[in-house]
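K.L.:
One structure is given below, represented as structure tokens, and several questions about it will come after.
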Amino acid sequence: MKGVSHRCAHKSKRAVSIIGTGSYAPERILSNADLERMVETSDDWITSRTGIKERRIAAADEFTSHMAAKAAQAAMEQAHVAPEEIDMIVVATVSPDTFFPATACHVQRILGAKNAVCFDVSAACSGFLYSLEIAQQFISTHTYDTILVIGADKLSALVNWKDRNTCVLFGDGAGAAILRSREGSHGVITTYMASDGNYADILCMPGGGCALPITSENFEQHLNTIQMNGKETFKLAVTSMQHAALRALQQANLELSDIKCIIPHQANIRIIEALADRLKVPMDKIYVNLERYGNTSAAAVAMALDEASRKEHFQIGDYILMVVFGGGLTWASSVIQW
Ligand code: ACO
């Protein structure tokens, strides 16, 4: 029998809390006016269709792991957690520094978190909540005590900067959370996760893997960049997030009126408004920062969580609901008592 399962055999599940958050956005701002000079678009089109005004773009020598480590350091500082205390690092990303080793291993090296087991999770924009649930499972079952979860993406490296359909939407960034068991605290109450591979083609990067390795032909066809059916993605985003939000609330035995703040994936203000409409919640209950960062994929909900908590959009004891969707198709929702 493995040591870990033996150790856990007679212990009851314990509550898991987020004890610190952090986020990081690169310095360089790319505004809609800047994009007007790059592709045939306008500030008016981008703002009215997406709500995005600007996004951050990482420097050429600034990788996903660098952004992830900066967000992690902010979370560790807030949580008063030293690198050696971290038992596991999970990085949610679709833009890893390298296919292998995992970006989480690169982060481990930067942080000096020598006791951590490290791996990446690939679930596109849903990756942070998937990773949060992985961490929750490991801590609640007494396998590990302290887990660093990061959502980080450098989508600027995966975008075709000549494709106006996609290049205006995305940005770079990272968000992190430290999870630990905290007595007398509810923490993560429930997470609902779902996927549907039948929609794999509507939002993807087809090239670069073993199916379509990087060859000069594939490169010329931009197969190593993000391809998206915008309209289909839009519709599925609204229905899947509505579904996930309601399922998580049901699992938590809570009503929407119990929720202090909703933090959705930050892809498009119209998607968020449609979600608010369907859930019948006012927009002032929903935290939005996409006008400043665009869609940062796995980082988006994590960055928004960090910002919203630092701006005190909710207090200790309040219920918050995070809800996401992304390529895969993947979608998820978490209810947390802060
Ligand atoms: N500037 C100007 N025109 C543009 C631009 C642009 N940047 N991009 C597209 N267009 C044009 C198209 O070429 C098309 O022109 P045509 O009608 O002559 O062919 C037209 O605008 C399309 O317009 P609409 O149909 O009105 O566009 P729509 O309202 O569907 O908005 C958008 C497009 C913003 C992409 C929307 O569909 C959307 O947000 N979809 C979801 C995208 C998303 O969330 N993706 C990521 C999700 S998951 C993840 O994060 C990985």
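The values are calculated or read from the model by the stated rules, or taken from the named source; none is laboratory data. Just so we're clear, the structure is a prediction, and the values are computed from it rather than from any experiment. Cβ atoms come from the backbone with ideal geometry, glycine included; neighbour counts cover every protein chain shown. Remember, those area values only see protein heavy atoms, side chains included, never the ligands or the DNA or RNA. Shrake-Rupley method; radii C 1.70, N 1.55, O 1.52, S 1.80 Å.
K.L.:
Three principal axis extents, largest first, for the C-alpha atoms of region 6-180, in Å?
P.N.:
Rounded to whole Å, the extents work out to 63, 29, 29 Å.
K.L.:
Something else about it: Could you give the accessible area per residue of the chain, probe 1.4 Å, as a whole number in Å²?
P.N.:
Dividing the accessible area of the chain by its residue count gives 44 Å².
K.L.:
Let me ask something else about it. Roughly how tilted is helix 127-140, in degrees to the nearest 10 and between 0 and 90, from the longest Cα axis of the chain?
P.N.:
Computed tilt is about 10 degrees.
K.L.:
Please compute the modelled spin-label separation between H222 and D201, points set 7 Å along Cα→Cβ, answer in nm with one decimal.
P.N.:
Output for this residue pair reads 1.9 nm.
K.L.:
Place a point 7 Å from the Cα of A211 along the Cα-to-Cβ direction; which residues of region 113-128 have their backbone N under 19 Å from it?
P.N.:
Of the residues in region 113-128, 121-127 have backbone N under 19 Å from the label point off A211.
K.L.:
Oh, and also: Taking the dipole about the Cα centre of the chain, with the C-beta of Lys and Arg at +1 and of Asp and Glu at -1, give me whichever of W161, G173, M283 is farthest to the positive side.
P.N.:
Comparing the listed Cα positions along the dipole, M283 ranks first.
K.L.:
Calculate the dipole size of the chain relative to its Cα centre from +1 charges on Lys and Arg beta carbons and -1 charges on Asp and Glu beta carbons; express the result in debye to the nearest 20. Can you show the working numbers first?
P.N.:
On the way: 30 positive and 36 negative charges, 161 e Å.
Dipole size: approximately 780 debye.
K.L.:
Can you tell me how much longer the chain between R14 and E183 gets when fully stretched, taken as 0.36 nm per residue apart minus their C-alpha distance, in nm with one decimal?
P.N.:
Stretched out fully, the R14 to E183 stretch lengthens by 60.0 nm.
K.L.:
With +1 assigned to the C-beta of every Lys and Arg and -1 to the C-beta of every Asp and Glu, and no other charges, what is the dipole magnitude of region 188-337 about the Cα centre in debye, to the nearest 20?
P.N.:
Dipole magnitude for region 188-337 comes out near 280 debye.
K.L.:
Would you kindly state the longest site-free stretch of the chain, with sites defined as GluC sites (Glu not before Pro) in a DSSP loop (not H, G, I, E, B) surrounded by at most 14 other Cβ atoms within 10 Å? All intermediate terms of the calculation are to be shown ahead of the outcome.
P.N.:
Numbers: sites that count: E27, E40, E183, E255, E312.
The longest uninterrupted stretch comes out as 41-182.
K.L.:
Straight-line reach from K231: which lysines have a Cα under 18 Å away, not including same-chain ones fewer than 8 places off?
P.N.:
none
K.L.:
What's the FRET efficiency of Q315 with A82 using the Cβ-Cβ distance as r and R₀ = 30 Å, to the nearest 0.05?
P.N.:
0.65
K.L.:
What does DSSP give for the chain in terms of the percent of beta bridges that are antiparallel, rounded to the nearest 5?
P.N.:
70
K.L.:
Using the structure shown, select from K260/K311; K285/K311; K70/K114; K154/K260 the pairs with a Cα to Cα distance greater than 19 angstrom.
P.N.:
Over 19 Å Cα-Cα: K154/K260.
K.L.:
Can you tell me what share of the DSSP beta bridges in region 6-180 is antiparallel? A percent to the nearest 5 is fine. Before the final figure, lay out each step's value.
P.N.:
Numbers: 20 of 30 bridges.
Here the share of antiparallel DSSP bridges comes out near 65 percent.
K.L.:
Rounded to the nearest 20 debye, what is the charge dipole size of region 6-180 about its Cα centre when +1 sits on each Lys and Arg Cβ and -1 on each Asp and Glu Cβ?
P.N.:
Dipole size: approximately 540 debye.
K.L.:
Specify which residue in the list S95, A75, V16 is farthest towards the positive end of the charge dipole of region 6-180, using unit charges on the beta carbon of Lys, Arg (+1) and Asp, Glu (-1), about the Cα centre.
P.N.:
About the Cα centre, the residue reaching furthest to the positive side is V16.
K.L.:
Skipping prolines and chain starts, which residues have an amide H placed within reach, meaning under 5 Å, of the one on Q227, given they are 5 or more residues away or on another chain?
P.N.:
Counting only residues 5 or more places away or on other chains, the set is C204, M205.
K.L.:
Here's something else I'd like to know. Among Y192, G151, L329, whose Cα lies farthest out toward the positive end of the dipole of the chain, if unit charges sit on the beta carbon of Lys, Arg (+1) and Asp, Glu (-1)?
P.N.:
Projecting each Cα onto the dipole axis, the largest value belongs to Y192.
K.L.:
Continuing with the same structure: Quick check: the angle from helix 298-310's long axis to the longest principal axis of the chain, C-alpha only, nearest 10 degrees?
P.N.:
60
K.L.:
For the chain, what's the radius of gyration and Dmax over Cα atoms, in angstrom?
P.N.:
19.2, 63
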